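The values are calculated or read from the model by the stated rules, or taken from the named source; none is laboratory data. Given the structure is predicted, the values throughout are model-derived calculations rather than measurements. Neighbour counts are summed over all protein chains in view; Cβ atoms, including those assigned to glycine, are modelled from backbone coordinates with ideal geometry. Ligands, DNA and RNA are excluded from the accessible area calculation, which covers all protein heavy atoms including side chains. Shrake-Rupley method; radii C 1.70, N 1.55, O 1.52, S 1.80 Å.
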Amino acid sequence: MSHPAISGFSNHSDPQQAAAELQQQLSSESLGFVLFFCSAQYDLEQLASALNQHFPDTPLAGCTTAGEITPEGYAQGAISAIGFSRQHFSVHSALIEAMDDFPLTSAQSVVDQLISSSRETLKGPIAGNSFVVTLLDGLSVQEEQVLATLNSALGNIPHFGGSAGDDVNLANTHIFIQGGFHSGAAVVLLFNTDCDFEVFTTHHLEPYEEKLVVTAADRDTRRVYELNAEPAAQEYARLIGLEVDQLSPSVFALNPLAVKIGEEYYVRSIQKVNSDLSLTFYCAVENGIVLTHMKRGDLLENLTQQLDRIEKNIGEPELILGCDCFLRRLEAEHLGIEAQASALLRKHHVIGFNTYGEQLEGMHINQTFTGVVIGKPCDE
């Protein structure tokens, strides 16, 4: 394994065959950790057994997806993976079993445990040489609380991640750690490395003038009943010039709403329309917040500029671990640019998955491309 990190994938539907293909592609004496992203179409119990069988001495972590990003670009019904060399990466993991019960004391214990367990294998000081990746159950409705609490405990360690998906079924999402799949849970991964890296996020959206005020909402379920004191779905449809029965995931992807925090806009994506004309969101919403209608820029140009900027700083990447909102992929499909998007991801060595939400420094966000660019080892 001459590279610090290598990638592989399989689009075989049989779990045993898929795991065997991954093992063949990632096989190396220096393989120290495997991070994978798999379609929810797999029989997860069989896939867990197969992965454990083919990687008996290698720690694994991963999650189900709303689409995979492989060495060949976008995929569906596949499994994509990254193998990290123990020569250049120290990777340690922790399981959050119950996302609905994660106080600051628990967060501090998780961080302390991760740092303590990594002491003997560090590739550099924790500060400056480490980043954290989180994979969360994408239907838990607990992301905001977990991320805010965890971020308080992490201090200055950069942190990003993605929420597990299940294609677009919105039924069951899972994370994988300690040999099995879990729901209602999260995995926290501490990466310490001697490679250059940069954590980043980007989106291609700009604000229109139109605003919607949330006038009735249930924060716990992320359900908005009224916008501007009108039925939420009806008012949103009016804003974008459609009828309620025309609303769909692709419409939500093409007509996003965002909340302004400071000088930045953070998308609050709509998940579905309910029978009572309320709207369920992927991110937290509450009474009184102002949502801004956002217009779309050029998705490919925005991502290209961001990746070119980072790569100018740290050189050609070994790979980019990317969390790409599944609504961005729906937009690319709708606009007929999915092939170009795949080519761009392939060009920049992006491996990752389409998410039900992205995470950055304690924030839960939507419709972004968020990740880490991993460069060469610092001594090369």
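Just a few scattered comments:
- When Rg and the Kirkwood radius Rh are both evaluated on Cα atoms of the stretch 205-296, their ratio Rg/Rh stands at 0.92.
- Dipole in debye (nearest 20) - the stretch 205-296, about Cα centre, beta carbon charges: Lys, Arg +1; Asp, Glu -1: 220 debye
- Rounded to the nearest 20 debye, the dipole size of the chain about its Cα centre is 320 debye, using +1 on the Cβ of Lys and Arg and -1 on the Cβ of Asp and Glu.
- Averaging the sequence gap over all C-alpha pairs within less than 8 Å and six or more residues apart, then dividing by the number of residues, gives the chain a relative contact order of 21 percent.
- Inter-probe distance in nm under a simple model that places probes 7 Å from Cα toward Cβ, at residue 346 and residue 52: 3.6 nm
- To put it simply, the accessible area of the stretch 205-296 at a 1.4 Å probe is 43 percent carbon and sulfur.
- Checking every one of the GluC sites (Glu not before Pro) in the stretch 1-93 against DSSP loop status and a limit of 16 other Cβ atoms within 10 Å picks out 29, 72.
- Take the chain with all the other protein chains still there, run a 1.4 Å probe, and you get 39 Å² of accessible area per residue.
- Tally of Lys pairs whose C-alpha atoms are under 16 Å apart, taken over the chain, 8 or more apart or cross-chain: 6
- Antiparallel bridge percentage (DSSP; both residues within the stretch 249-380; nearest 5): 75 percent
- Computed from the C-beta positions of residue 338 and residue 41 and an R0 of 22 Å, the FRET efficiency is 0.70 to the nearest 0.05.
- About the Cα centre, charge dipole magnitude for the stretch 5-126 (Lys/Arg +1, Asp/Glu -1 at Cβ), debye: 460 debye
- Gyration tensor (alpha-carbon) shape descriptor, the stretch 51-209, a/c threshold 1.5: rounded
- Per residue Cα convex hull volume in Å³ - calculated over the chain: 129 Å³
- Simple spin-label estimate for residue 221 and residue 14 in nanometres, 7 Å along Cα-Cβ: 4.5 nm
- Taking every C-alpha pair closer than 8 Å and separated by at least 6 residues, the mean separation divided by the residue count of the stretch 205-296 gives a relative contact order of 42 percent.
- Approximate spin-label separation residue 168-residue 286, in nm, with each point projected 7 Å along Cα-to-Cβ: 3.1 nm
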